[in-house]
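For reference, the structure discussed in these notes is given below.
Rule-based calculations on the coordinates, nothing more; no lab input. As the structure is a computational prediction, the values presented were derived from the model and not from experiment. All Cβ positions, even for glycine, are placed from backbone atoms using ideal geometry, and neighbour counts span all protein chains on display.
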């Protein structure tokens, strides 16, 4: 978690420990179901069935016990995007098409979030590695490197966010709070330095 | 516990190191077999570069460097397998967002089976009373907890030697003391780079770096006294 300027918390640690069926399912089966649902939902044209599916998706959130404080962070932005798509669809087509888009995408966002919070990063990375394994004959595709890169991205987004906040605070103390360069230049320099240090750490831990 | 090896754990002979076209270490000659070796020196004196040679993160530009009997010229992997490295900032060292997953990562690299990995992670966390952090997000940990997790991720790989590069610099006094007592209790050979001179009082030997050279090599008391005089001059 990273302390935000407004005192709120930016949480990018998705996994929630638990023992639900979803927690215990193999990662590949969760992703297989997610893809199957994506196809199935687009085959359904009946709003009443899609409403039942949405209700079931919401019940799934309750079942995997996602804490209320996490709901806002997890769903606010994706649901805002869904709403935009739905309004666009309603304008381009008709109200029914807008509602269909809303029910389908909202259900998928909720189910995808449930898969995310019940899957450990390590299992997700192993799944990605296995998925890419058949492509490893292509010279620039190295499954281990791809999964490590993904995990580093998840790990360091909050760190870079915090770094940005620290720089912003330091520049504000110098009266430079309205100068974007005063934030961007040190952020780039420090992020590159950080990348260099992380690269050393990866070498030292024999992960290269 | 004082552990003194019959064979040298460090054996450097005429080692020079150049980084970015700048000479960093000049003609380093040192043989050591002590359990705990401290390294001190002013900023830019070459001590961190020396520490990086010990794990094979850097290799000598010329000269011969042997660590635990492995020559850096042809056995870097063996050196890395046997020498762990704890960095000043644990945030740079912890790769995965969840504590247990990060500690497990090194074991995965060593091809340890999954069930054994889980057991080893729990064992190392229990050893330091950190088992309650197992499923915690790394971002939620304090500086001291992060440094202990970074150390756990190194120890779980069972290295023979651990190199610490200023591990207490970012810590408060309580966490600094916790790390200090953990280091003193380690069975492994320890090489500690630090500005915290008090930390070295019970070490077996201290090397003082100055302008890329070993300027003093003595007991902690004598070496620290020499260094203090040098810094006061």
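Figures for the structure shown
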{"quantity": "Antiparallel content of DSSP bridges confined to region B:111-233, in %, to 5", "calculated": "50 percent"}
{"quantity": "Hull volume in cubic angstrom per residue (convex hull over the Cα atoms of region A:143-204)", "calculated": "80 Å³"}
{"quantity": "The protein assembly as shown: C-alpha pair distances exceeding 30 Å, %", "calculated": "54 percent"}
{"quantity": "GNM top mover of B:114, B:146, B:77 - chain B, alpha-carbon springs below 10 Å", "calculated": "B:114"}
{"quantity": "Fraction of antiparallel bridges per DSSP, the protein assembly as shown only, in percent to nearest 5", "calculated": "55 percent"}
{"quantity": "Surface/4 of the Cα convex hull for region B:83-187, nm²", "calculated": "6.0 nm²"}
{"quantity": "Nearest-ten-degree value, helix B:114-127 long axis tilted from longest Cα axis of chain B", "calculated": "70 degrees"}
{"quantity": "Counting all C-alpha pairs of region A:69-144, share separated by more than 19 Å (%)", "calculated": "56 percent"}
{"quantity": "Highest-MSF residue in chain A out of A:135, A:60, A:16 [GNM, Cα springs under 10 Å]", "calculated": "A:135"}
{"quantity": "log₁₀ of I(q)/I(0) at q = 0.35 Å⁻¹ - region B:105-145, Debye sum with one point per alpha carbon", "calculated": "-1.11"}
{"quantity": "Value of [θ]222 nm, deg cm²/dmol, for chain A, DSSP H segments ≥ 4, -39500 (n - 2.57) each, nearest 500", "calculated": "-25500 deg cm²/dmol"}
{"quantity": "All Cα pairs of chain A, percent lying beyond 27 Å", "calculated": "50 percent"}
{"quantity": "Three-way shape label, region A:2-119, alpha-carbon gyration tensor, a/c 1.5", "calculated": "oblate"}
{"quantity": "Over region B:4-78, volume per residue of the alpha carbon convex hull, in Å³", "calculated": "86 Å³"}
{"quantity": "Shielding by partners, peptide B:151-159 (average Cβ within 10 angstrom, other chains)", "calculated": "1"}
{"quantity": "Helix axis angle, B:99-109 relative to chain B longest principal axis, alpha carbon, degrees", "calculated": "70 degrees"}
{"quantity": "Per residue Cα convex hull volume in Å³ - calculated over region B:64-104", "calculated": "92 Å³"}
{"quantity": "Relative contact order for chain B, counting Cα pairs under 8 Å that sit 6 or more residues apart, in percent", "calculated": "26 percent"}
{"quantity": "Overall Cα dimensions of chain B - principal axes, largest extent first, Å", "calculated": "50, 40, 37"}
{"quantity": "Ordering of B:210-216, A:171-177 by packing [mean C-beta count within 10 Å, highest first]", "calculated": "B:210-216, A:171-177"}
{"quantity": "For B:107-117, mean number of other protein chain Cβ atoms within 10 Å", "calculated": "1"}
{"quantity": "Förster-model FRET efficiency, 56 Å R0, residue A:195 and residue A:21, C-beta, rounded to 0.05", "calculated": "0.90"}
{"quantity": "Between 0 and 90°, nearest 10: helix B:220-232 axis offset from chain B longest Cα axis", "calculated": "70 degrees"}
{"quantity": "Average other protein chain Cβ within 10 Å of Cβ, residues A:152-161", "calculated": "3"}
